[in-house]
Amino acid sequence: MSTYTQILYQIVFGTKRHESTLVKRDRDKLFKYIIGILKNKKCHPYIINGIENHIHIVTHLHPSVALASLVKDTKLASLEFIKENSLFPQFDGWQNGYSAFTYTISEKERLIQYVKNQEEHHKKVSWKEELVALLKEHKIKYDEHYLL
């Protein structure tokens, strides 16, 4: 028998100390690099976007890939890419941890639009407010101390 899955994730992680170091000018280079990482891991990236202090990745996870390993590999490889290419001079690394949320395939287009509109969204909502809303939407218990 073959393996069939549809595991749609929104993965969110930020810069160390949530500093606004991901300048817009070079974000697309970072996002394209991360897309390459995901494809090499047999994942299907739908969209990557973010603002100065965090990014959102919407991807289908291949059944042979563990989420924690994917995030770890993505953070390590992208950190090296950023440093080698001097993309964000003030960038000091990624935060410890991440958030990941699963969605049904019927929500894919809505989710893509949500991630696509991050800059507009964050004119009204802080990253902390966004994260708390996502955690509550997915009924995930959290400790306020560890949010940001």
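Against the criterion of being modelled with pLDDT under 95, assigned to a helix (DSSP H, G or I) and either surrounded by 12 or more Cβ atoms within 10 Å (Cβ to Cβ) or among the β-branched types (Val, Ile, Thr) (or both), Lys128 qualifies.
Check segment 1-24 and report whether any residue there is basic (Lys, Arg), crowded, with 16+ Cβ neighbours inside 10 Å and out of contact with any Cys (no Cβ under 8 Å at 6 or more places or on another chain). Spell out how you get there, then give the answer.
Of the residues in segment 1-24, the ones basic (Lys, Arg) are 16-17, 24.
Still in the list and also crowded, with 16+ Cβ neighbours inside 10 Å: none.
Checked against the condition, which is being basic (Lys, Arg), crowded, with 16+ Cβ neighbours inside 10 Å and out of contact with any Cys (no Cβ under 8 Å at 6 or more places or on another chain), segment 1-24 yields no hits at all.
Within segment 107-115, can one find any residue that is at pLDDT below 95, in contact with a helix residue (DSSP H, G or I) (Cβ under 9 Å, 6 or more places away or on another chain) and not polar (S, T, N, Q)?
Initial filter on segment 107-115 (at pLDDT below 95): none.
The answer is no; no qualifying residue exists.
Quick one: which residue in Glu109, Glu130, Glu119 is under 16 Å from the mean Cα position of the chain (by Cα) and farther than 26 Å from Ala66 by Cβ? Before you say what the answer is, go through the steps one by one.
Numbers: Glu109 fails: under 16 Å from the mean Cα position of the chain (by Cα); Glu130 fails: farther than 26 Å from Ala66 by Cβ.
Among Glu109, Glu130, Glu119, only Glu119 is under 16 Å from the mean Cα position of the chain (by Cα) and farther than 26 Å from Ala66 by Cβ.
Filtering Ile47, Ile112 for residues that are among the hydrophobic types (A, V, I, L, M, F, W, C), in contact (Cβ under 8 Å) with a residue 60 or more places away in the chain and assigned to a strand (DSSP E or B) leaves a single hit, Ile47. Out of the residues in segment 67-102 that are assigned to a loop (DSSP other than H, G, I, E, B) and small (Gly, Ala, Ser), which is nearest to Lys32 (Cα to Cα)? Only one residue tops the list, namely Ser86.
The values are calculated or read from the model by the stated rules, or taken from the named source; none is laboratory data. Note that the coordinates shown come from a computational prediction; the quantities given were computed from them, not determined experimentally. Note: ideal-geometry Cβ built from the backbone for every residue, glycine included; neighbour counts use all protein chains shown.
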